[in-house]
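Structure first, commentary second.
The values are calculated or read from the model by the stated rules, or taken from the named source; none is laboratory data. Predicted, not measured: the structure shown is a model, and the values here were computed from it. Cβ coordinates were reconstructed from backbone atoms using ideal geometry, including for glycine residues, and neighbour counts include every protein chain displayed.
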Amino acid sequence: MDNRPIGFFDSGLGGLTAVRALRRILPDENILYFGDTARMPYGARPAAQLRVMARQDLDFVASRGVKAVLAACGTVSSTAPDVLAAYPVRTFDVLSSTVREAARGASGPIGVIATAACIASGAFQRALAAACPETEVVAVACPAFVPLIESGHYESGDAALRAAVAEYLAPLREKGVGSLILGCTHYGLIEEAICGFMGPGLRTIEAAECAARELALWLRKEELCGGTGEERFFTSGSAEDFERLSAVFLGRTAHGAVEHVDEMEV
């Protein structure tokens with residue numbers, strides 16, 4: 001048994017969906033989460049800056065004695081994979097497991113939606129081309145989704161969200177994609193709005209769910225499971241806002257207090 005916590009980080013609160021997914025599989029694990037809300041969104045930043053920020057986020061989480069780290073951020077996973085892979089603590093991303101899941105059930109074109117930086121990196125597109133070379137990939141950047149979700153516009157009937165979904169997903173619907181990768185951990189929260197626009201029969205693949213399953217599998221294989229269900233949350237932004245919104249992403253009230261940390265600089 002290993003009671004050390006599992007570390008998670010994201011630009012905001014979207015990574016809490018990965019915490020939620022892991023809790024369903026391994027409810028007793030201790031969790032440490034950092035949301036870099038003061039520098040959110042990551043998706044509009046240049047790749048070089050994101051790589052520095054990824055290392056800073058890793059250092060912050062790892063310094064608290066975690067046994068593994070999940071970069072619960074599609075932008076970091078796609079722009080800094082080598083930073084994650086070379087880190088001395090075992091790290092997981094939300095790209096590789098998601099692509100493997102998408103490739104297993106590919107039927108018709110595969111769509112990918114993610115942040116602007118994630119799509120611009122081409123990481124999902126390259127990974128999918130390698131995993132299923134005969135399948136067409138349609139990748140679309142959705143820069144407004146994260147700010148909308150983090151500001152409370154996540155209900156399927158929300159007018160602003162519906163307008164953004166229609167604008168971004170129109171090319172995917174026109175292409176008739178059969179599977180859609182939700183390449184940002186925030187996007188699971190608006191899955192109902194996405195499916196409502198895309199129509200019946202769409203297969204969605206959530207990055208948070210896939211990454212959590214892969215992490216849980218590794219913990220069990222390495223016999224590192226263990227904990228008491230303790231949770232610690234940190235944010236570089238407003239602790240009050242984080243605590244208020246976290247229940248939306250977790251599906252429940254956070255068990256631990258939210259602590260503010262000084263904003264990091266790049």
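Taking (1) farther than 16 Å from Ala72 by Cβ; (2) among the charged types (D, E, K, R); (3) not assigned by TED's automatic domain parsing to the domain that holds Ser151 in turn, Lys175 satisfies each apart from (3). Per the listing Ala85, Ala117, the residue uniquely over 14 Å from Arg203 (Cβ atoms) and at pLDDT 95 or above is Ala85.
Counting only helices (runs of 4 or more DSSP H) that sit wholly inside the stretch 59-136, those with at least 2 residues that are free of Cβ contacts under 8 Å to residues at least 40 places away in the same chain, of a type outside the set (Asp, Glu) and not assigned by TED's automatic domain parsing to the domain that holds Val165 are 81-85. Among the strands (runs of 3 or more DSSP E) confined to the stretch 183-266, the ones with at least 1 residues that are more than 26 Å from Gly65 (Cα to Cα) and more than 16 Å from the chain's Cα centre (by Cα) are located at 203-206.
Yes/no matrix, rows are residues, columns are (1) crowded, with 18+ Cβ neighbours inside 10 Å; (2) in contact with a Ser or Thr (Cβ under 6 Å, 6 or more places away or on another chain); (3) among the aromatic types (Phe, Trp, Tyr):
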{"site": "Ala106", "(1), (2), (3)": "yes, yes, no"}
{"site": "Pro147", "(1), (2), (3)": "no, no, no"}
{"site": "Glu155", "(1), (2), (3)": "no, no, no"}
{"site": "Leu172", "(1), (2), (3)": "yes, no, no"}
{"site": "Ser179", "(1), (2), (3)": "yes, no, no"}
{"site": "Leu189", "(1), (2), (3)": "yes, no, no"}
{"site": "Pro200", "(1), (2), (3)": "no, no, no"}
{"site": "Glu209", "(1), (2), (3)": "yes, no, no"}
{"site": "Arg220", "(1), (2), (3)": "no, no, no"}
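Summed over the stretch 140-164, the residues that are in a helix (DSSP H, G or I), of a type in the set (Gly, Ala, Ser) and closer than 28 Å to Gln125 by Cβ give a count of 2.
Per the listing Arg55, Arg20, Arg51, Arg39, the residue uniquely in contact with a helix residue (DSSP H, G or I) (Cβ under 8 Å, 6 or more places away or on another chain), of a type in the set (Lys, Arg), surrounded by 19 or more Cβ atoms within 10 Å (Cβ to Cβ) and outside the structural domain of Ser151 (by TED's automatic domain parsing) is Arg39. Could we say that Asp93 is touching a Cys at 6+ places or on another chain (Cβ under 9 Å) and of a type outside the set (A, V, I, L, M, F, W, C) here? Criteria met by Asp93.
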